[in-house]
Amino acid sequence: MLTYALTWRDGVLGDLPMVGEMGEESLVRHLPGSNGLLLGRVYPNHPEPAHHWLTALDVLPAEDAQTFLKSHCWGDFIVLLPNSLKANTLDVLRSPCGLLDCFLAHQDGTLYIFSDLAQAQRCGLSSPPINWRFITHSLCYAGLPEFDTGLDTVQQLLPGFSATCDDTAITFKSFWSPWPGADRRQQYTTMAESVFSLRATVDHVMRSYSHTIQHGFIELSGGLDSSIVATCLSRQKIRLSGFNLVTSVPGADERIYARDVAESAQVSLVYCPFDSSRVRALPEPARPGPLPGMEMLQAAVDDISQPLYQAAKADALFSGAGGDSVLCYLPTAASATDALIAFGPGRRFLSALQDLSALHNITLWKAGKLAIKKALRRSGVDWKRNTLFLAPDLKVPVPFKHPWLQPEGRVLRGKAEHVRQIISTKFFGEVMERRAKVPVYLPLLAQPVVETALRIPTWFWFDGGYNRAVARHAFADRLPTSVRLRRSKGNFTSFNGLVFDRNRAALQTYLCDGQLAGAGILDIKPLADYLSRPLKKRDAVFHRVFELARMEAWVRATLKSSDSHRDERDDLPDIPPSA
C-alpha cells in the first residue's frame, strides 16, 4: 500500500510526495485543472472506461473536483486541492472507507501531510511528544476514532472528512455520513431487493479491484466473510492462493470450512500450524506511527502471512475483515425491536422474534421481553466506557463527539447500532501493519458495500435464525453448503487464554513497571493481583490486559523511535545559511 509524506508552505505544495518502500508512484496523480494531487486508488460508481472519468477529474477546477469525487467516485484515496477562494489554504479529503492514512501537523510554518511518520521526519518533521490525553481516551473508549492522535500536534483526517488547512489552523468537516442510507425512508422494502443489491454491489467492487490484479492472496479463515471474498474473487478470472491458520484449540480451527471454499473457488491454499507459542504477547511496532497499532493476533498473522505472500508472488492481499460489522452481525435484540417499531405487534414482529430466538437458542418469550425492553430505552448511539485497571484518580476524558454518532433523520435503534459498528471498523486497518508492505484490500469495507448494507433493514439480516442472512442468500449459489448453513463461528478466546497464561509473569513486569504506570494511568495493585492468579474458566478479563499491553508497547516503541530520530538529527552536519 502507498505510503507518503509531503509539505505545504506559503501556499505551495512541496515536490511530489516521498513515496514509501513499495514504490507505488502510479498511485500518485497530478490534477492539472485544480493544481491538486490525488493519492491512492479511485474507482467510478458506475462501470465506465477509466480514461473517461480520470480525464474529467484532470481538467476540473478545485471545487468541481471535490464535488466529482464525493458524488461519482469511491476507493481508498487522499486528495489535496489548493483552495480557489482562500489564499494559502489547502483542502484535504479522505475517502469515506479505506486504509490509506492521512495525518496532519503544523510545525515551524510548515504543514506536513503524511501516512508514514518516518517519511515525514525525513521531510523535516521533528518528533512530537506523547499525547497522554489521547492514550487515556483510547483506553476508556476503545475503537472510538477522534481527530487527535497519540502524538501532540499531530492530528488525523478521519475517513469521510475533509480538512481545510491554512498557515496556523486545521478545520475538519464531514462530507460523507452513514445516516442518509440508514434512514427508514431509504431502506429496501423486500428481501429480494436486498439480496440482489448486495450481490450486485459486491461483484461491482470485485470487478473494480480485479482490473489491476492478476494474482490475489487471501486470508481464508473459513468463516462466512472471507468465504464470500474468495468465492466472489474467483469469478474475476484472476489467480488465487491463500493460507489458513490451523490450531489445536477448539473453536479456532476452521480448516474444514476453508478446505471446502478453496475447492469451490479454486484457491491454492496453504495450511499453517498456528500454536499459541508463536504469538508474541508484547509485540512492539518496528515503525510506530501516530496511532497505536500492532494488535497481538494481527502481529502473529503478519509474521506468518508475509513470507507466504512473497513466495506466492501475488499482487494483492485480500481479507474479509470488517464483514461482521458491515453485514450487521448485531449481538442484541435490536433487529426485533426495529420490526416492532416499524410494523407494530403483528406478524412481522412475530417473525423477527422467531428469528431472534432461533439464532440465540432462547424462548420466544425471552426474545420478546428483550426486544420490548430495548424499544423503551432512550434512542441514540453511545460508546461504552471502560475504566478497568485504570487509576481511580485518573481524569477520565469525555468521549469524542464523533459527528457520525449523532443520528440524522428517522433511524431505528438497530440501524443506529449498525452504524456504531461501522464507525468502529477503522480499527481493522490500524492493527494491520502488513498494509505498509503489501497492497491490502478489504472488499466488505468498501464504500459501495457499506452504503448498500446500511439500506438493508436489520430484521432481514437475521432471516431464518441465521446471522448475516442476506449475505448467505445473496451468494447461496457460490458458497459451499457447509459454510452457507454454518451456525458456529470461529472463536479465539481459548487460544488467547493460552497466550495469556504463558505470558502472565512477563505481562506483570511489562505493565506494572512500564510507561503507563509511570504516567499514573494504571491502577497497579488490582492489575498485579489479577496477573498473579491463574486464569479462571470463562474469564475474559485478560482481553483488557492485552489492550493495556498493546498501548504500552506503542508508547515504548514511540519513545525509542523519538530518541533514535533525535540522535540522527544531532549527527547531521550544520548547513550554512544560503547567501
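The values are calculated or read from the model by the stated rules, or taken from the named source; none is laboratory data. Computed from a prediction, not measured in an experiment: that's the story for all the values here. When we count neighbours, we look across all protein chains shown, and the Cβ atoms used for this are built from the backbone with ideal geometry, even at glycine. Calculation scope for accessible area: heavy atoms of the full protein, side chains included, ligands and nucleic acids excluded. Shrake-Rupley method; radii C 1.70, N 1.55, O 1.52, S 1.80 Å.
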Computed label-point distance, nm, for sites D203 and Q107 using a 7 Å Cα→Cβ extension | 5.0 nm
Quick one, can you get me the convex hull of the C-alpha atoms of region 348-487 expressed as volume per residue in Å³?
-> 205 Å³
Extension gain L376-H72, at 0.36 nm per residue separation less the Cα-Cα distance, in nm?
-> 105.4 nm
Mean separation of Cα contacts under 8 Å (at least 6 apart) over the residue count of the chain, i.e. the relative contact order in percent, is 18 percent
Over region 295-399, what number does the Rg to Rh ratio reach, with both radii from the alpha-carbon atoms and Rh per Kirkwood?
-> 1.17
Stick to the Cα atoms of region 117-200, pair each with every other, and give me the Kirkwood hydrodynamic radius in Å at one decimal.
-> 16.6 Å
From largest accessible area down, sort S208, S351; use a 1.4 Å probe on the protein chains.
-> S351, S208
Where the centroid of each part is defined by its Cα atoms, how far is region 382-436 from region 84-151 in Å?
-> 19 Å
Once the whole set of protein chains is in place, how much accessible area is left on M1, using a 1.4 Å probe, in Å² to the nearest 10?
-> 10 Å²
What order do K384, K374, K366, K536 take when sorted by accessible area (1.4 Å probe), most exposed first?
-> K384, K536, K366, K374
Post the alpha-carbon centroid distance, region 247-267 to region 178-217, in whole angstrom.
-> 26 Å
Go through 198-207, 538-547 and give me the packing order, highest mean Cβ count within 10 Å leading.
-> 198-207, 538-547
Most packed first (mean Cβ within 10 Å per residue), the peptides 225-231, 388-394 order as 225-231, 388-394
Quick shape summary for the chain, equivalent ellipsoid via Cα gyration tensor, semi-axes whole Å in descending order, reads 37, 31, 25
On average, how much accessible surface per residue is there in the chain, in Å², for a 1.4 Å probe, leaving out ligands, DNA and RNA?
-> 44 Å²
May I ask for log10 I(q)/I(0) of region 366-439 at q = 0.12 Å⁻¹, from a Debye sum over the Cα atoms as equal point scatterers with solvent left out?
-> -0.57
With the contact rule set at Cα under 8 Å and sequence spacing of 6 or more, what percent relative contact order holds for region 26-184?
-> 19 percent
Quick calc of log₁₀ I(q)/I(0), region 471-549, Debye, one scatterer on every Cα, no solvent, q values 0.11, 0.23 1/Å, result -0.46, -1.04
What is the gain in length, in nm to one decimal, between R184 and C512 on full extension, counting 0.36 nm per residue of separation less the C-alpha to C-alpha distance?
-> 113.1 nm
Quick one, what does Rg over Rh come out to for region 158-279 if you take C-alpha atoms and the Kirkwood Rh?
-> 1.13
Please report the relative contact order for region 97-145, taking Cα pairs under 8 Å with a sequence separation of at least 6, and give it as a percent rounded to a whole number.
-> 20 percent
By accessible area (1.4 Å), largest first, R550, R235 order as R235, R550
Sequence ranges 184-194, 124-134, 443-453, ranked by mean other-Cβ count within 10 angstrom, highest first = 443-453, 124-134, 184-194
Expressed in nm to one decimal, what extension gain is obtained for the pair W365 and E63 from 0.36 nm per residue of sequence separation less their Cα-Cα distance?
-> 103.1 nm
Label-point separation, D303 to F343 (7 Å along Cα→Cβ), nm = 5.1 nm
Sites N88 and A286 - FRET efficiency at Förster radius 45 Å, r taken between beta-carbons, to 0.05 | 0.75
Which value in deg cm²/dmol, rounded to the nearest 500, describes the helix-derived mean residue ellipticity at 222 nm for the chain, given -39,500 (n - 2.57) per DSSP H run of n ≥ 4 and division by the residue count?
-> -12000 deg cm²/dmol
Computed from the mean reciprocal separation of all distinct C-alpha pairs, what Kirkwood hydrodynamic radius does region 97-239 have, in Å?
-> 19.1 Å
Quick one: if you stick a label point 7 Å off each Cα along the C-beta vector at V541 and T212, how many nm between them?
-> 4.9 nm
Using only the Cα atoms of region 74-158, construct the convex hull and provide its projected area averaged over every direction, in square nanometres to one decimal.
-> 6.7 nm²
Tail weight of P(r) past 14 Å, computed on alpha-carbon pairs of region 462-512, percent = 66 percent
Which FRET efficiency value, to the nearest 0.05, do you get for N45 and D529 by plugging their Cβ-Cβ distance into 1/(1 + (r/R0)^6) with R0 = 60 Å?
-> 0.60
Spherically averaged projected area in nm², based on the convex hull that wraps the Cα atoms of region 214-330 = 8.6 nm²
Return the long-range amide H neighbours of G36 (sequence gap of 5 or more, or a different chain), with a cut-off of under 5 Å between placed amide H atoms.
-> L31
Under 1.5 on a/c is rounded, so check that first for region 42-103, then, if it is not, pick prolate when a/b is larger than b/c and oblate when it is not; a ≥ b ≥ c are the square roots of the alpha carbon gyration tensor eigenvalues.
-> oblate
Carbon-plus-sulfur fraction of the accessible area of region 82-167, 1.4 Å probe, in percent?
-> 49 percent
Just the number, please: carbon plus sulfur as a percent of the accessible area of region 415-497, 1.4 Å probe, no ligands or DNA/RNA counted.
-> 51 percent
